Amino acid sequence: MSDSESAPNSREVTETPEVEVEEQTKGDGKMTMEERKAKMQQLRAKMRSSALANRKSVIEESAKAKVSVRDAARLEKQRKLAEVLRSKADAEERGEDVERQKNWEWTIEENEEWEKKLARKARRADFEFHDDAHAARRRYKKDLDQLKPNMADYNRQKEIALGLAPGTLAKSGASSSSSSITNFDPSGGLQVAPTTHQQRLAADSLYRDANSLLYADSKPSEDAIDRVVAKINQDVDKKRKFSRKRANEDEGDITYINERNRVFNKKIARYYDKYTTEIRASFERGTAL
């Protein structure tokens, strides 16, 4: 009895301090009203700061999204201008010539190409209409600037015509220079005499003269056809959107719908204006009978 009865009592004795400790901790964990208010203010301050930070980030992202390509190009142009002005100011402080220092960055070939470009631009600075031949020549020159020959295809045809191994001209760097077009002189004979029938046909097809009987045997590629169609569509669209004020257009009321109607109205006015001027003025005043 002593052992069995003493065991529950010992458990009760050991459990009583734990319950008291838990009650004490619960009592200590209770917050007063002032502490709760302070805690609430801290939470509200954190929420307010996080909301402001989120709003600031959203505004920055929307501002970045509004910057278009044109604005980016404008900013880049302003940045380059600022760099140029800064370099000029630094060079003036050191007593150096800015233009001379800038010209050191260009090679002789680049300088010659730039001078040719300026000369070509000066020749084409006359935008007035002289005659149809002049306008056609200007158009031809402008289209010729956009022409990009296929040097790889040309070198391949030239290799067949000269009897060279495939890839010879490409390996020698002829495709990257303009001399590959003028290296061969058909009047002086082939560099390598065409021995096979295929080479003779290739030579006759590539270098034709006035005595050649070959005609309309070249089949363009699909890419070349697409480029021609795109160029034609571009010209048609540009012509459709073209509009300018004529130099001989009379100022005043617009009484015509097109150029042909304008000329017709001008002819009619030449003969009948002296009879209809008073009638038209009365209609405009609202006093016509």
* Asked: Quick one: would you say Lys274 is in contact with a helix residue (DSSP H, G or I) (Cβ under 9 Å, 6 or more places away or on another chain), part of a helix (DSSP H, G or I) and at pLDDT 85 or above?
  -> no
* Do we have any residue at all in region 227-247 that's at pLDDT 80 or above and of a type in the set (Gly, Ala, Ser)? -> yes
* To do: Write out, first by first residue and then by second, each pair whose Cβ atoms fall under 8 Å of each other, whose residues are 6+ apart or on separate chains, and whose first residue, in region 135-146, is over 16 Å from Ala122 (Cβ atoms) while the second is at pLDDT below 85 and not in a helix (DSSP H, G or I).
  => Ala135/Phe129
* Asked: Counting only residues that are in a helix (DSSP H, G or I), of a type in the set (Lys, Arg) and either exposed (fewer than 10 other Cβ atoms within 10 Å of the Cβ) or in contact with a helix residue (DSSP H, G or I) (Cβ under 6 Å, 6 or more places away or on another chain) (or both), how many does region 124-149 have?
  -> 0
* Asked: How do the pairs read when you match residues in region 83-107 that are among the hydrophobic types (A, V, I, L, M, F, W, C) with residues anywhere that are at pLDDT below 80, using Cβ under 8 Å and keeping only pairs 6 or more apart or on different chains?
  -> Ala91/Val98; Ala91/Gln101
* Filter result (at pLDDT 50 or above, over 29 Å from Glu113 (Cα atoms) and polar (S, T, N, Q)) within region 169-204 -> Thr195, Thr196, Gln198, Gln199
* Asked: What number of residues within region 100-122 satisfy the criterion of being loosely packed, with under 10 Cβ neighbours inside 10 Å and not hydrophobic (A, V, I, L, M, F, W, C)?
  -> 5
* Return yes or no: is Ser68 modelled with pLDDT under 75, exposed (fewer than 10 other Cβ atoms within 10 Å of the Cβ) and of a type in the set (Ser, Thr, Tyr)? => yes
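The values are calculated or read from the model by the stated rules, or taken from the named source; none is laboratory data. The structure presented is a predicted model; accordingly, all values stated were derived computationally and were not measured. For neighbour counting, all protein chains shown are included, and Cβ atoms are generated from backbone atoms with ideal geometry for every residue, glycine included.
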